[in-house]
Amino acid sequence: MRSDEPVMWNRRRALRMLAAAGACATLRPATAPAQQRAILTRPIPSTGEALPVVGLGSWITFNVGDDAVARDACTDVMRKFVESGGRMIDSSPMYASSQDVIGYGLHKAALTGRIFSADKVWTSSGAQGREQIERSRQKWQVGRFDLVQVHNLLNWQEHLPTLFAMKGAGQVRYVGITTSEGRRHRDMEQLMRSQAIDFVQVTYNPVDREVEQRILPLARDRGIAVIVNRPFRQGALLRALARQTLPAWAAEIDCTSWAQFVLKFIVSHPAVTCAIPATTSVAHVRENMNSAYGRLPDEALRQRMIAAVERA
Amino acid sequence: MSEWWTYRLTSFLLFSPSTYYRMFERYNLAIWPAQLAGVSIGLAIVALLIGKRGHHERIVAGLLAACWMWIALAFHYQRYAQINWAATWFALAFACEALLLVVVGVLAGRLHLQLARSGVHWIATSIVAMSILGYPLLAPITGRPWTTAEIFGVAADPTAIASVAVLALVRGRIRWPLLVVPVIWCAIAAATLWAMDAPEAWVLLAAGLLALWPAVAGTRHDATDAER
């Protein structure tokens with residue numbers, strides 16, 4: 001973003017695009033000065049509920065078993081995340097002990113009522129779906145999940161009817177589907193057109209931008225919230241970028257690190273609801289959460305950001 | 001699994017390297033001084049391979065079986081399964097290997113090793129000795145604390161390498177079913193370490209292949225015996 005082209009343009013544009021999608025366009029408060037520390041949120045299109053644009057993933061990072069020292073470190077990460085205004089925490093039964101560790105941390109830091117709990121169903125057996133979700137809920141130690149997603153579209157044919165029935169009964173609030181690293185996008189598109197899902201979860205970052213072609217526009221058209229996983233390509237993107245100096249113009253959108261640079265790129269796409277970077281470091285979660293404050297790039301600056309990342 | 005060709009080894013890695021090695025650190029602290037028993041068992045196996053006393057083959061099979069069963073329960077089932085759901089299956093495979101060693105080697109007495117003083121025998125014995133005395137050194141060599149060292153008899157990787165070396169010396173086709181689990185474990189462990197960018201992956205792979213070589217050489221030996 002150029003300094004003579006303030007963020008109002010970005011806000012207007014975002015509002016126009018979200019309104020066209022039929023969503024409650026509330027990219028709030030894109031024009032607010034960073035020092036006000038009001039976190040940027042996006043509405044979940046199906047209800048209008050506002051979600052902070054940066055969440056917390058748990059793939060690998062929270063899988064620490066029963067190691068008390070590591071569990072306490074994960075608790076500190078969750079505490080800092082919530083203190084910084086974050087809400088969505090995402091996990092899966094596939095992530096081994098991550099669900100137990102989240103439950104431990106939520107209970108210990110008394111965070112249960114302050115988060116948006118997003119989990120997944122991951123079993124090839126449709127009959128075992130409910131049972132697995134209940135086991136996951138017990139591990140999280142929450143009353144109910146806010147969101148349950150079909151992990152990697154595994155047996156969505158049987159799991160989606162189960163999830164819709166649970167939503168109808170008030171046992172979950174939202175239903176979603178996930179993929180990662182560009183897999184099964186055609187199937188995902190088909191489900192986005194045919195099923196009344198609230199969320200999709202995909203991989204998106206300045207390098208992996210395939211979803212810009214079809215998935216993200218379709219999400220806007222259909223009023224589906226978008227969660228972005230693997231924003232840093234499991235850290236590989238940040239390791240590659242670390243060899244380069246952060247461009248001076250990154251300050252125009254309040255970025256002081258490459259992590260913020262990448263996250264601001266992701267959440268500035270008008271179809272994206274929330275990015276979920278994972279970390280075991282309190283310093284990193286603080287840095288990530290700073291991306292949910294201050295100014296966001298406009299389209300011209302987004303293109304410049306892509307070029308900067310591709311040069312690295 | 002659809003679009004399987006798009007998956008990389010790292011796609012299957014469920015934990016970070018720090019969590020993996022921290023698991024060994026906590027395991028070593030929890031089971032101390034079982035490591036001393038593991039090393040003693042390993043050295044006893046080396047002595048039996050060199051000395052060839054009466055019933056030594058049954059004893060070697062029994063000692064190996066004890067190590068495999070310990071690792072199945074104390075390591076895979078109780079520890080590793082916390083951070084890797086596949087470890088429950090690893091525990092089952094290790095327990096099956098232990099039972100196979102007991103049935104074939106101890107009860108049936110069919111663990112006939114190739115003669116001492118042959119080239120392959122000395123290679124195998126050296127690999128067993130290195131897996132006991134050398135493998136733990138990988139921890140400090142790669143910059144990890146001693147407390148994360150993987151010890152023969154209680155840790156899967158050095159035990160699998162040594163077992164491949166011993167079982168590759170077994171004469172006849174019975175060696176192959178005995179080798180299945182140890183060889184597959186070496187491959188799985190090397191893949192895990194490779195996904196973590198750990199240099200130990202290459203050590204494990206090289207040692208496993210070298211340890212397997214006597215089995216291939218032994219096949220030719222068996223064929224020669226049959227022609228006679």
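The values are calculated or read from the model by the stated rules, or taken from the named source; none is laboratory data. This one's a predicted model, so the numbers in the text were calculated from it and none came from an experiment. Note that each Cβ is placed from the backbone with ideal geometry, even for glycine, and that neighbours are counted across all protein chains shown.
One line per residue, one yes/no per condition, for (1) of a type in the set (Val, Ile, Thr); (2) in contact with a Gly (Cβ under 8 Å, 6 or more places away or on another chain); (3) modelled with pLDDT of 90 or more:
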{"site": "B:Thr147", "(1), (2), (3)": "yes, no, yes"}
{"site": "B:Val170", "(1), (2), (3)": "yes, yes, yes"}
{"site": "B:Ala190", "(1), (2), (3)": "no, yes, yes"}
{"site": "B:Leu193", "(1), (2), (3)": "no, no, yes"}
{"site": "B:Pro199", "(1), (2), (3)": "no, no, yes"}
{"site": "B:Ala226", "(1), (2), (3)": "no, no, no"}
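Go through the range B:110-198 and tell me which helices (runs of 4 or more DSSP H), entirely inside it, have 2 or more residues that are under 16 Å from B:Ala98 (Cα atoms).
Numbers: elements: B:119-133, B:138-141, B:156-167, B:175-195.
The qualifying helices (runs of 4 or more DSSP H) are B:156-167, B:175-195.
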Unmet criterion (only one of (1) over 26 Å from B:Ile174 (Cα atoms); (2) within 14 Å of chain A (Cβ to nearest Cβ)) for B:Ala34: (2)
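Identify all residues within the range A:78-117 that are of a type in the set (Val, Ile, Thr) and within 16 Å of the chain's Cα centre (by Cα); write none if there are none.
Filtering the range A:78-117 down to residues of a type in the set (Val, Ile, Thr) leaves A:82, A:89, A:101-102, A:112, A:115.
Scanning the range A:78-117 gives A:Val82, A:Ile89, A:Ile115.
Determine, yes or no, whether B:Ala189 is in contact (Cβ under 8 Å) with a residue 40 or more places away in the chain, surrounded by 17 or more Cβ atoms within 10 Å (Cβ to Cβ) and of a type outside the set (Phe, Trp, Tyr).
Numbers: in contact (Cβ under 8 Å) with a residue 40 or more places away in the chain: no; surrounded by 17 or more Cβ atoms within 10 Å (Cβ to Cβ): yes; of a type outside the set (Phe, Trp, Tyr): yes.
Against the criterion (in contact (Cβ under 8 Å) with a residue 40 or more places away in the chain, surrounded by 17 or more Cβ atoms within 10 Å (Cβ to Cβ) and of a type outside the set (Phe, Trp, Tyr)), B:Ala189 does not qualify.
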Residue check: is B:Arg79 farther than 25 Å from B:Ile188 by Cα and either more than 14 Å from chain A (Cβ to nearest Cβ) or at pLDDT 95 or above (or both)? no
Take the conditions more than 13 Å from chain B (Cβ to nearest Cβ), in contact with a strand residue (DSSP E or B) (Cβ under 9 Å, 6 or more places away or on another chain), in a helix (DSSP H, G or I) and at pLDDT 95 or above and apply them to A:Met78. Does it pass? yes
Given (1) within 14 Å of another protein chain (Cβ to nearest Cβ); (2) touching a strand residue (DSSP E or B) at 6+ places or on another chain (Cβ under 7 Å); (3) within 24 Å of B:Ala195 (Cβ to Cβ), A:Val228 misses just (1)
Just wondering, is there one or more residues in the range A:172-192 that are surrounded by 19 or more Cβ atoms within 10 Å (Cβ to Cβ), over 24 Å from A:Ser84 (Cα atoms) and free of Cβ contacts under 8 Å to residues at least 24 places away in the same chain? no
Hey, among A:Arg233, A:Arg243, A:Arg209, which residue is within 15 Å of the chain's Cα centre (by Cα), surrounded by fewer than 18 Cβ atoms within 10 Å (Cβ to Cβ) and over 19 Å from A:Phe116 (Cα atoms)? A:Arg233
Got at least one residue in the range B:99-107 being closer than 24 Å to B:Val180 by Cβ, within 13 Å of chain A (Cβ to nearest Cβ), without any contact (Cβ under 8 Å) to a residue 60 or more places away in the chain and surrounded by 14 or more Cβ atoms within 10 Å (Cβ to Cβ)? no
Is it true that some residue in the range A:148-161 is surrounded by fewer than 20 Cβ atoms within 10 Å (Cβ to Cβ), touching a residue at least 40 places away in the same chain (Cβ under 8 Å) and either among the small types (Gly, Ala, Ser) or away from chain B (no Cβ under 14 Å) (or both)? no
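Taking B:Ile41 as the residue in question, decide whether it is in contact with a Cys (Cβ under 7 Å, 6 or more places away or on another chain), over 22 Å from A:Ser98 (Cα atoms) and crowded, with 17+ Cβ neighbours inside 10 Å.
Taking the combined requirement at face value, the residue satisfies it.
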When you go through B:Leu29, B:Leu73 one by one, which is the residue that is under 25 Å from A:Asn63 (Cβ atoms), surrounded by fewer than 20 Cβ atoms within 10 Å (Cβ to Cβ) and within 14 Å of chain A (Cβ to nearest Cβ)? B:Leu29
With the checklist (1) in a helix (DSSP H, G or I); (2) surrounded by 18 or more Cβ atoms within 10 Å (Cβ to Cβ); (3) among the charged types (D, E, K, R); (4) more than 14 Å from chain B (Cβ to nearest Cβ) in hand, flag the one item A:Arg42 doesn't pass. (1)
